[in-house]
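Here is the structure we will look at, set down as structure tokens.
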Amino acid sequence: QVQLVESGGGLVQAGGSLRVSCAASGTIGNINAMGWYRQAPGKQRELVASISISRDGSTNYADSVKGRFTISSDNAKFTVYLQMNSLKPEDTAVYYCNANIRLRGTFKFQNYWGQGTQVTVSS
């Protein structure tokens, strides 16, 4: 029905940059919001950044990434990006894409997850 495909993770040195992308496909009627979460080993999954797709494009960031990460979207392509600058070793985690989507022909919004992409920042 819906697939979220992430790309762009990898290994980078501290202070470097990476951009991860997530493209949604399937029988999409409407997307309310998209976002990025991350989960480091032994830690809970946490919200990194989110963006409103259906309304005003407003964004929300975790305090730990404010000023360093930027979330953006290409609504026509159902794609969200996360530009990560000034990366730190503590940013190392699996990054998961999340989208709140209403399937075509339905009325209810549901959350969908991507498979995750590894981001590793070396010191």
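The values are calculated or read from the model by the stated rules, or taken from the named source; none is laboratory data. In this text the structure is predicted, and so the values were computed from the model without any measurement. As a convention, Cβ positions derive from the backbone with ideal geometry for all residues, glycine included, and neighbour counts pool all protein chains shown. Surface areas here come from the heavy atoms of the whole protein model, side chains and all, with no ligands, DNA or RNA. Shrake-Rupley method; radii C 1.70, N 1.55, O 1.52, S 1.80 Å.
First compute the accessible area of the chain with a 1.4 Å probe, then give the percent of it belonging to carbon and sulfur atoms. The partial results should precede the final answer.
Values: 3040 of 6550 Å².
Of the solvent-accessible surface of the chain, carbon and sulfur hold 46 percent.
Taking only the alpha-carbon atoms of the chain, what semi-axes of the equivalent ellipsoid follow from 5 times the gyration tensor eigenvalues under a square root, in whole Å, largest first?
Details: eigenvalues 134, 39, 29 Å².
Largest first, the chain gives 26, 14, 12 Å.
Roughly how many debye, to the nearest 20, is the charge dipole of region 22-123 about its Cα centre, given +1 on each Lys and Arg Cβ, -1 on each Asp and Glu Cβ, and no other charges? It would help to have the intermediate numbers written out before the result.
Numbers: 11 positive and 6 negative charges, 50 e Å.
So the magnitude is around 240 debye.
Roughly how many Å² is the accessible area per residue of the chain, as a whole number, for a 1.4 Å probe? Please list the in-between numbers first.
Working: 6550 Å² over 123 residues.
About 53 Å² of surface per residue is accessible.
Pick from Gly105, Gly29, Gly57: which residue has the top mean-square fluctuation in a GNM of the chain where Cα pairs under 10 Å get a spring?
Checking each option, the largest mean-square fluctuation is seen for Gly105.
Which lysines have a Cα lying under 24 Å from the Cα of Lys66, excluding residues fewer than 8 positions away in the same chain?
By straight Cα distance, Lys66 reaches Lys43, Lys88.
Taking a 1.4 Å probe, which of Asp74, Asp63 shows the most accessible area, and what order do the others take after it? Write out the running numbers ahead of the final one.
Working: Asp74 45, Asp63 125 Å².
Correct descending sequence by accessible area is Asp63, Asp74.
Place +1 on the Cβ of every Lys and Arg and -1 on the Cβ of every Asp and Glu in the chain, take the dipole about the Cα centre, and give the residue among Gly10, Gly35, Ile53 whose Cα lies farthest towards its positive end.
Farthest along the dipole direction, towards plus: Ile53.
When the C-alpha atoms of region 28-69 are aligned to their principal axes, what extent does each axis show, in angstrom, from largest down?
36, 25, 10
All other residues with a Cβ under 10 Å from the Cβ of Leu82 taken together, and with Lys, Arg as +1 and Asp, Glu as -1, what is their net charge?
Numbers: positive: Arg19, Arg38; negative: Glu6.
Result for the neighbourhood of Leu82: +1.
If the chain between Arg104 and Ser58 were fully stretched, how many nm would it gain, using 0.36 nm times the residue separation less the Cα-Cα distance?
14.1 nm
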